Amino acid sequence: MKAIRIILSLLLITAMGISTLSAQTKKERKELKKQVVEKLVTSGKYKIDVNRALPARGRSITLTSPYSVEIRNDSVISYLPYYGRAYSIPYGGGEGLNFKAPITDYQLDRDKKGTAKIKFSARSREDKFDFNIDVFSNGSATIFVNMQNRQSISFNGEVDMPEEK
C-alpha cells in the first residue's frame, strides 16, 4: 500500500514538472518569435504572406493561391488579389494590386503591446495606394489598402519567417 502511494506521488510530481517545463519552452518560443518579427520589421526587408481577403462589401475570402506584399527598403512588391468596386480603371481590368513601386512617406511606429504600425504610400501607372499594415508580435499581420480608383480592401496574413539553420 505504501509503495503504491509513493509511486502515485512520484508520478504526480513528474507530471507537474513536465507541464511547467513545456510552459517555459512555449514562453521562450513566443519571446523568440517576437524578437525575430521585431528585427525583420525594423530591418525594412520583410514579406507578408496573405491568406484572407476582406473586401469593403461582401464576405471574407479565403485565398488558396500564394499572395504577398514584400517590402524591400525603399520599394514595395505587391502581389494581391482585388475584390470590390472599381471606379476608373483601364480597359481589361488593369494590373490591380499587382505592381512594384517606390515607397513614399514610410512611417513605422509601435504601440504599447509591441504591435508595429506601418504606413506608406506607393504609386503605380494606374493608381495611388495608401497601405496601413499592423504586424503583431506573434507574426500575424493585417493589411489595409486604400486606393483612389477602387474601393478599399483589407487582408490578413503572416510574416514570412526566415528558415532556421
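The values are calculated or read from the model by the stated rules, or taken from the named source; none is laboratory data. The structure displayed is predicted, hence computed values, not measured ones. Here Cβ is always computed from backbone atoms with ideal geometry, including for glycine, and neighbour counts include all displayed protein chains.
Note on the stretch 138-165: residues that are within 19 Å of Lys39 (Cα to Cα), polar (S, T, N, Q) and in contact with a Ser or Thr (Cβ under 7 Å, 6 or more places away or on another chain) amount to 1.
For the stretch 116-165, the set of residues classified as in contact with a helix residue (DSSP H, G or I) (Cβ under 7 Å, 6 or more places away or on another chain) and of a type in the set (Ser, Thr, Tyr) consists of Ser137 only. Take the residues of the stretch 17-74 that are part of a loop (DSSP other than H, G, I, E, B) and not charged (D, E, K, R): which is modelled with the lowest pLDDT? It comes out as Gly58.
Inside the stretch 59-92, residues that are surrounded by 13 or more Cβ atoms within 10 Å (Cβ to Cβ) and of a type in the set (Lys, Arg) make up a count of 1.
Per-residue answers, yes or no, for (1) surrounded by fewer than 19 Cβ atoms within 10 Å (Cβ to Cβ); (2) without any contact (Cβ under 8 Å) to a residue 12 or more places away in the chain:
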| position | (1), (2) |
| --- | --- |
| Leu97 | no, no |
| Gln107 | yes, no |
| Asp111 | yes, yes |
| Ser121 | yes, no |
| Phe129 | no, no |
| Asp134 | yes, no |
| Gly157 | no, no |
| Met161 | yes, no |
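The lone criterion from (1) in contact (Cβ under 8 Å) with a residue 40 or more places away in the chain; (2) closer than 22 Å to Asn149 by Cβ left unmet by Ile77 is number (1).
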